[in-house]
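Each remark here refers to the structure printed beneath this line.
The values are calculated or read from the model by the stated rules, or taken from the named source; none is laboratory data. Predicted, not measured: the structure shown is a model, and the values here were computed from it. With ideal geometry, Cβ positions are generated from the backbone for all residues, glycine too; neighbour counts draw on all protein chains shown.
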Amino acid sequence: MRKLIKYFLGIATLTFSFSFFNTAYSLDLVFSEDRPDLRTLDPRITQSRHEEMLIVNIFDQLIAADSNGNHYPGLAKKWDVSSDGLEYTFHLRDDVTFHDGTKFNAAAVKATFDSIVDPETGSQGAVDILGPYASTEVIDEYTAKVVFNRRYGSALTAFTETELSIVSPTALEKLGNEGFGMAPVGTGPFKFKNWEANKKVELVRNDDYNWAPEYMDGSGPSQVSTLTYRLIKDTSTRVAALEAGEVHIAELVPPLDMRRFDASGDLKTITGTVSGLPYAAFLNTTVGVFQDINVRKAFFHSLDRVKMTNDLFFGYAEAAFGPISSSTPSYWKGNEDYYQYDVAGAEALLEEAGWKMGSDGVREKNGEKLTVFFPCLLEPDTCVAIQGYANKVGFDVNVEVVMKARQDELIFANGYDMLVIRWVSLDPGVLIIPFHSRNIPEPGKFKFNWARYANSGLDQLLEDAESAETQETKDDLYMQIQKHIMDQAIFLAIHDQVQTVAYSPDLEGVRFANGNWQLRMYDVRNK
Amino acid sequence: MNFFIKKLIIVIPTLYIAWTVVFVTLNIIPGDPVNLMLGGRPASEEVRENVRKNLGLDKPVAERYVSFLINATKGDLGKSYLTRQPVTKMIKENMMPTIQLSIGGLIFGVFFGVFFGIIAGTKPNSMRDTFAMVIALCGISLPSFWIGMMLIFIFGTTLGWVPIVGEGFVSLILPSISVGLFFAGGMARLTRSSLVDVLNQDYIRTAKSKGLSTYNIILKHSLRNAMIPPVTLLGIQFGLLITGAVITEEVFARPGLGQLLLQAILAKDIPLVQALVVYMTAVYIFLNLIVDFTYGIIDPRIRLERKSA
């Protein structure tokens, strides 16, 4: 027994001395993630914004883009587009090497893009982003021509996407698709070093890096010598580790903690408004009460989205109004004039549609209740807030918090009145996926037009916008598309998606990548 | 020895049944692994069909079952749908952290469990008995996520004594306490009641009348005889720990089999779930054997009974 007590005292002393060592940490940067299940770090395969958090720091793209989506020379010094919009000729930098010593050149560009469209690769994101890709021609060592099958209006944005990062062809050949995803080789400011499953990924500085895009503050290698990505799923642990100084940067920090840090000044914060689809609900136009456009409009009017967003996010997210978020290119300001908070207006629309208030506070028509089935996959608190507002004008909203598998079943069976969504996307071209009639889900076929809205006029607009010749036409077509969606009241935007980041006050240079979700660590330095 | 051979013969059919039940269940419950894997992300239909084909999910269920089975008999448990890594590799990677946490929890649990059990059991219905049992009750009934968060708050954030998500041995202390507390609670209660029983036996009265010291009576004469029920509990609880402590792993951001299984089930990653279930079943059977074996050491009469049986 005495021995045991001695043993435990020994452990206690050990603990003290260890924590002493820990206070003298090096300049390594530690980052925490909200997901424990990174699967691959291959930009060609992944479509996970969490995996891309690391990928943006390991790889470069042909065209660089800052957090506002402005384009700069990247691995390509300049580029020309043929007059028919089918050929993109890239004049590449001749001073770039991959982390494994392979020379970056036109052959690497060709190998990357050709492998993306190879079904064997199993690309989940890049192949869609590459769109109507036909082939890449190696004109000479440092000139590559990418050819499309038809005009592709989103091509330049596509070449800035993380998914179209250029990968080392020698590493690819050596490691194969699966091996490459576990030990990626790119040209970026950080090199992959080590991955402990479900725990952490370590990157080290690329000492040869001398091709930072011009919008960065620094040049040459980064000042950060090691980047450790700790995977901490539990929010309170993530925040506690940040406050204890064990990690230096944390993402997805709850708004309440963001407010606390801003008030105390103990930690610095940045918030990114993510481009793409805001947090929004599709209203099902084919079954139930939302078949009637007036009922849909009444539902829109019943929500005070500004107050609701403020109550949920304490000023760290803005209410959203349109089908794409305000930070997405071609966003139409006119969205914000639609469907203001108007209880009287909502009630009038419902009365007009024949829904009379019942004694239990739920409206009725021909003995049927104004009931809405709302399976909620994302942000249950927001779903419940929506429920509360809609109830005031006589909707009976049944919120069921669901897992993905249950939601999929409901989608296949057309068994829902509304469903929520949110996406990160750099281009308004993403709208074709949830609004084209060919994307209405069928049993066994998972697709994204969850409003199940079919309109040949809208389909045509979406197709035309995809191959628009000039930016003006593109903006105009996406304006018409957004207006159409708003007029039909099929997609109820609630709030912008935000990425809330808090970090040590000793650091500066923390910046978002394009899309405002991932962080570029290249410029981070000690004050 | 016969006894062990008999037990081992049961192992293989048990594993096979567990493995098949998982395959059948996961194929019956709703949810398509491809859609679950791609999440709500805007992947096109071509992408979905291609992923399905690459994973072999375009083949009929019966065909997949047979090819799984053939590969399994060759020792190849397949590749995870999610990561496309061999499932045995994934289990291996997550096994060490789980074993470390289990042993940490076991040491903490046994030490404090037996300690409080003795405090309470040697003087039943006294103040110190009540005190020890209240602590044991807390250990059993407080939810582990709460204990975990409190430990982080007190020792990590406020006092700063131990790292919250650090590396190495020190990072094991708080999670071990977190899982060990539950363990300790059950051990303490069982040790107490068992000890109370034993201390009322005639041979203890004899020992006392021989003039042996209290220390000697408790540690040498009573505790050994009182340990059979706690050892059984130990086997069961260690079995629970070694198959992963989901909540503790999540709160302390530790890798481990609990998290792995949870992710695999949610994603309907059938090969991974099957492999994990086989592993866990095997561990349970193995631990049961060890417990049986330990009985014989604690109480030689059991060994004799087995021989004569």
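What residue, of B:THR281, B:THR248, B:THR191, B:THR206, is without any contact (Cβ under 8 Å) to a residue 60 or more places away in the chain and either over 30 Å from A:ARG238 (Cβ atoms) or buried (at least 24 other Cβ atoms within 10 Å of the Cβ) (or both)?
Details: B:THR281 fails: without any contact (Cβ under 8 Å) to a residue 60 or more places away in the chain; B:THR248 fails: without any contact (Cβ under 8 Å) to a residue 60 or more places away in the chain; B:THR191 fails: without any contact (Cβ under 8 Å) to a residue 60 or more places away in the chain.
Answer to the selection: B:THR206.
Inside the range A:333-365, can you point out the residues that are out of contact with any strand residue (DSSP E or B) (no Cβ under 6 Å at 6 or more places or on another chain), touching a residue at least 12 places away in the same chain (Cβ under 8 Å) and either in a loop (DSSP other than H, G, I, E, B) or under 20 Å from A:LYS483 (Cα atoms) (or both)?
A:GLY334, A:ASN335, A:GLU336, A:TYR338, A:TYR339, A:GLN340, A:TYR341, A:ASP342, A:ALA353, A:GLY361
Any residue in the range B:36-61 that is more than 8 Å from every other protein chain (Cβ to nearest Cβ) and assigned to a helix (DSSP H, G or I) sitting within a Cβ distance under 9 Å of a residue that is surrounded by fewer than 17 Cβ atoms within 10 Å (Cβ to Cβ) and of a type outside the set (A, V, I, L, M)? List the pairs, counting only those 6 or more apart or interchain.
Hits for this filter: B:GLU49/B:ASP58; B:ARG52/B:ASP58; B:VAL61/B:ASN27.
Which one of B:ILE247, B:ILE242, B:ILE270 is at pLDDT below 85 and either in contact with a Pro (Cβ under 7 Å, 6 or more places away or on another chain) or of a type outside the set (Lys, Arg) (or both)? Steps first, answer last, please.
Details: B:ILE247 fails: at pLDDT below 85; B:ILE270 fails: at pLDDT below 85.
Of B:ILE247, B:ILE242, B:ILE270, the one residue that is at pLDDT below 85 and either in contact with a Pro (Cβ under 7 Å, 6 or more places away or on another chain) or of a type outside the set (Lys, Arg) (or both) is B:ILE242.
With a cut-off of at least 3 residues that are within 14 Å of chain A (Cβ to nearest Cβ) and in contact with a helix residue (DSSP H, G or I) (Cβ under 8 Å, 6 or more places away or on another chain), name the helices (runs of 4 or more DSSP H) lying wholly within the range B:99-217. First the steps, then the outcome.
Numbers: elements: B:127-141, B:144-151, B:173-199, B:202-209.
Per the criteria, B:144-151, B:173-199.
I'd like the full set of residues that are hydrophobic (A, V, I, L, M, F, W, C) and crowded, with 18+ Cβ neighbours inside 10 Å, limited to the range A:374-398.
Quick first cut of the range A:374-398, residues hydrophobic (A, V, I, L, M, F, W, C) only: A:374, A:376-378, A:383-386, A:390, A:393, A:395, A:397.
The answer is A:PHE374, A:CYS376, A:LEU377, A:CYS383, A:ALA385, A:ILE386, A:ALA390, A:VAL393, A:PHE395, A:VAL397.
A:LEU256 versus (1) more than 14 Å from every other protein chain (Cβ to nearest Cβ); (2) among the hydrophobic types (A, V, I, L, M, F, W, C); (3) more than 25 Å from the chain's Cα centre (by Cα); (4) over 20 Å from A:VAL524 (Cα atoms): which is the lone unmet condition?
(3)
Say whether the condition of being at pLDDT 95 or above, away from chain B (no Cβ under 12 Å) and under 30 Å from B:LEU26 (Cα atoms) is met by at least one residue in the range A:376-394.
yes
Being crowded, with 19+ Cβ neighbours inside 10 Å and in contact with a Lys or Arg (Cβ under 7 Å, 6 or more places away or on another chain) is the filter here, so list the residues in the range A:340-373 that pass it.
Within the range A:340-373, A:LEU349, A:LEU350, A:TRP355, A:ARG363, A:LEU370 meet the criteria.
Do any residues in the range A:399-415 that are more than 9 Å from chain B (Cβ to nearest Cβ) have Cβ atoms under 7 Å from those of residues that are surrounded by fewer than 15 Cβ atoms within 10 Å (Cβ to Cβ) and polar (S, T, N, Q), where the two are at least six apart or on different chains, and which pairs are they?
Partner pairs satisfying both residue conditions: A:ASN414/A:THR286.
Mind checking which residues of the range A:199-248 are within 14 Å of chain B (Cβ to nearest Cβ), touching a strand residue (DSSP E or B) at 6+ places or on another chain (Cβ under 8 Å), among the hydrophobic types (A, V, I, L, M, F, W, C) and not in a helix (DSSP H, G or I)?
Step one: filter the range A:199-248 for residues within 14 Å of chain B (Cβ to nearest Cβ), giving A:199-202, A:226, A:228-248.
Imposing the further condition that a residue be touching a strand residue (DSSP E or B) at 6+ places or on another chain (Cβ under 8 Å) reduces the set to A:199-202, A:226, A:228-233, A:238-239, A:241-242, A:246-248.
With the extra rule that they be among the hydrophobic types (A, V, I, L, M, F, W, C), the set shrinks to A:201, A:231-232, A:239, A:241-242, A:247.
Correct list: A:VAL201, A:LEU231, A:ILE232, A:VAL247.
Of (1) buried (at least 23 other Cβ atoms within 10 Å of the Cβ); (2) over 17 Å from A:SER82 (Cβ atoms), A:GLY122 satisfies all except one. Which?
So the condition that A:GLY122 fails would be (1).
Kindly provide the set of residues from the range A:128-156 that are out of contact with any strand residue (DSSP E or B) (no Cβ under 8 Å at 6 or more places or on another chain), closer than 22 Å to A:LEU462 by Cα and touching a residue at least 24 places away in the same chain (Cβ under 8 Å), ordered by number.
A:ILE129, A:LEU130, A:ARG150, A:ARG151, A:TYR152, A:GLY153, A:SER154
Name the single residue that is farthest from the other protein chains (Cβ to nearest Cβ) among those in the range A:429-453 being assigned to a loop (DSSP other than H, G, I, E, B) and surrounded by fewer than 16 Cβ atoms within 10 Å (Cβ to Cβ).
Step one: list which residues in the range A:429-453 are assigned to a loop (DSSP other than H, G, I, E, B), which gives A:436, A:440-441, A:443-444, A:446-453.
After this cut, where a residue has to be surrounded by fewer than 16 Cβ atoms within 10 Å (Cβ to Cβ) as well, the list is A:443-444.
On the way: A:PRO443: 11, A:GLY444: 8 Å.
Restricting to residues being assigned to a loop (DSSP other than H, G, I, E, B) and surrounded by fewer than 16 Cβ atoms within 10 Å (Cβ to Cβ), the top hit is A:PRO443.
Can you work out which of the residues in the range B:20-30 that are within 17 Å of B:LEU261 (Cα to Cα) and within 11 Å of chain A (Cβ to nearest Cβ) is farthest from the chain's Cα centre (by Cα)?
Only one residue tops the list, namely B:ILE29.
Among the residues of the range B:165-181, what is the count of those that are modelled with pLDDT under 85 and buried (at least 24 other Cβ atoms within 10 Å of the Cβ)?
Within the range B:165-181, residues that are modelled with pLDDT under 85 and buried (at least 24 other Cβ atoms within 10 Å of the Cβ) number 1.
All but one of (1) more than 14 Å from A:SER165 (Cβ to Cβ); (2) away from chain B (no Cβ under 14 Å); (3) surrounded by 20 or more Cβ atoms within 10 Å (Cβ to Cβ) hold for A:ASP95; state the number of the condition that does not hold.
Exception for A:ASP95: condition (3).
Conditions first: (1) surrounded by fewer than 22 Cβ atoms within 10 Å (Cβ to Cβ); (2) not in a helix (DSSP H, G or I). B:GLY239 passes all but one, so which condition is the exception?
Condition not satisfied by B:GLY239: (2).
Condition check: acidic (Asp, Glu) and in a helix (DSSP H, G or I). Does A:ASP262 satisfy that?
Details: acidic (Asp, Glu): yes; in a helix (DSSP H, G or I): yes.
Taking the combined requirement at face value, the residue satisfies it.
Taking B:THR122 as the residue in question, decide whether it is closer than 19 Å to B:ALA184 by Cβ, more than 22 Å from the chain's Cα centre (by Cα) and free of Cβ contacts under 8 Å to residues at least 24 places away in the same chain. Spell out the reasoning first.
On the way: closer than 19 Å to B:ALA184 by Cβ: yes; more than 22 Å from the chain's Cα centre (by Cα): yes; free of Cβ contacts under 8 Å to residues at least 24 places away in the same chain: no.
So B:THR122 does not fit the description; no.
Just need a number here: residues in the range B:121-148 that are surrounded by 12 or more Cβ atoms within 10 Å (Cβ to Cβ), out of contact with any Ser or Thr (no Cβ under 7 Å at 6 or more places or on another chain) and not β-branched (Val, Ile, Thr).
Residues meeting the conditions: 15.
Given A:LEU477, A:LEU462, which one is surrounded by 18 or more Cβ atoms within 10 Å (Cβ to Cβ), in a helix (DSSP H, G or I) and away from chain B (no Cβ under 14 Å)? First the steps, then the outcome.
Numbers: A:LEU462 fails: away from chain B (no Cβ under 14 Å).
After applying the criteria, what remains is A:LEU477.
Return only the number of the condition from (1) closer than 30 Å to A:VAL247 by Cβ; (2) within 14 Å of chain A (Cβ to nearest Cβ) that B:LYS268 does not satisfy.
(1)
Filter the range B:4-39 down to residues that are among the small types (Gly, Ala, Ser) and in contact with a Phe, Trp or Tyr (Cβ under 8 Å, 6 or more places away or on another chain), then give me how many there are. Quick ask: steps written out before the conclusion?
Step one: list which residues in the range B:4-39 are among the small types (Gly, Ala, Ser), which gives B:18, B:31, B:39.
Pick out the ones that are also in contact with a Phe, Trp or Tyr (Cβ under 8 Å, 6 or more places away or on another chain) and you get none.
The number of residues fulfilling the criteria is 0.
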